[in-house]
Amino acid sequence: MDPYVILTCRTQEQRSSVASGEGSEPQWNETFVFTITDETSELNLKILDKDTFTKDDFVGEATIPLEPLFIEGSLPLSVYRVVKDEEYHGEIRVALTFTPERRSRRHCTEENYGEGKESREEEGYGGWKESSVEETYGGWKESSY
């Protein structure tokens, strides 16, 4: 098995590296940073098995609620259930950190609308990242329950 993870936070999507040859107990030890807004409530992890000549196989998925993260600021390495077709298919271990973004100035973006330009100010709401402090963080373990 050559697993990888697609992480989705609202409309933002990032992909881990492929843990080639690591079977059902890979360790990625990777960090992903997402920009979030007030409407962000969960992080979705979709685990797939990379195939060379055929479509990648769906292994399972896990959903991590983010409200506890916003309250605590960080969550230590925690185990989340991986499910496929509503059945348990193992677990993934993830540590999370929320870093509120404090800006003293506002970012201004310009967008083209026909021949004119419209300016719009945007405020940053913050971000969070999956963090891996030790080598044992960020792994997935398949189970045959």
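Every number here is computed from the coordinates shown, using simple stated rules; none is lab data. Only a predicted model underlies this, so the values are computations on that prediction, with no experimental measurement involved. FYI the Cβ positions are ideal-geometry reconstructions off the backbone, even for glycines, and counts take in every protein chain you see.
Brief remarks on what is shown
- Exposure proxy for 63, 11: other Cβ atoms within 10 Å of each Cβ, ordered fewest to most, give 11, 63.
- For 24, 16, 78, order by how many other beta-carbon atoms lie within 10 Å, fewest first: 78, 24, 16
- For segment 33-49, Karplus couplings with θ = phi - 60° (6.51, -1.76, 1.60), whole Hz, Gly/Pro x: 10, 10, 8, 10, 10, 4, 7, 6, 10, 7, 10, 10, 10, 10, 9, 10, 10
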